[in-house]
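Working notes, structure below.
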């Protein structure tokens, strides 16, 4: 350890007695006392479970520090609480200066455009599948039953809808439109028929075939003549008449002179000038022998043999051998016949229910048959009873429980008890249709309901019966149509 002179501060050599600089006696090197002996550390006794912990004695200065810290924290909390309870000053917004201007008034919303009224029409057809053809300025289109124009009048000719399609002609070519007016098959054929059983006949260069609803030719256009499909078969004509199926296969050979469509499982065909029946397989149900076979109705057809009339069923059985001078179709199990210049009725089995005593008779309707005796009309029931004796100048059929009658050159309506519901006062009256009857008075047409109330007073120049809830009406050769309440869906006057 270095030593220095206490007089001049010079460093002394190790072990020197005097300062080499000033000669002052150097002090002896101090002797370091030995440290006192350290006592052996005393180990605390081990803690016993449940024994109290020994007290830890904190130094006095540490306790003071803790007290100061607690006081400081308490002071901070008090200050924060005081400041938090003070309300924030409310800053009032500056006053808004409103200029005295005129309030802008918004216009009301524009109403939906009202469609232009359709019609009147130069011509109109009956409704079919909810559509009617109309004519405007020599062109044809279609309206629906609500009077909306669905197809603009642009075609030269149109035909009624069938199976959702209508044949149309434009520039001498036939095509087809759907119920929305889309040209699903553009005009391309020389002629075309209606769709029946999914197929329609068409022609090109005087030959005929069939197309499907997509316009595809499914039976080649190669025949001289065809007829609509019926019960899966269609008549074709080349040198002779035969029948084909929907695949174009020959179902009945072309050996007949004439032929009609199939109905009730049979078709009437002519061979050597006489008529017979064939089934759908081409088998001859009735060998051609009759001079005439009418259409079947209720499984009965009027036939003529050697100048006499009788009836056959679809099996060819002669229910009534030919013996009458005339006959009619079956309705409600009854048919009129003529013998010795008078008329009576036979039933379904050929029994003469009503003897031939009347001047004429008509088909049954609602259980009543109109008859005429000595120039007066009445009604009989299916048992032949004269429930309404002949007393009217003329009478129609019962429809909806009412029939028109003619008395003193005026028309009225009676019920099944012969009570007048409408007194005879009209110039003309027609059968009821859909609860309305067309009547005519002073050259004008109107409609009555079943109580006799004039729903539509006579005011139209022409009109037709109700069908599908509407009736065609005309004023000054312009056409429109009305509903059953008499409202003009399309006015014939354009008003």
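What follows draws every value from the coordinates through simple rules; no lab data is involved. As the structure is a prediction and not an experimental result, all values here were calculated from the model. Cβ placement follows ideal geometry from the backbone for every residue including glycine, while neighbour counts extend to all protein chains displayed.
Data for the structure
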{"read-out": "Whole-angstrom gap from the range 422-482 to the range 347-371, using each part's C-alpha centre", "value": "30 Å"}
{"read-out": "Cβ-based exposure ranking for 414, 380, in which fewest neighbours within 10 Å come first", "value": "414, 380"}
{"read-out": "Burial ordering of 439, 211, 312, 136, fewest other beta-carbon atoms within 10 Å first", "value": "136, 211, 312, 439"}
{"read-out": "Whole-Å distance, taken between Cα centres, linking the range 383-399 and the range 295-318", "value": "27 Å"}
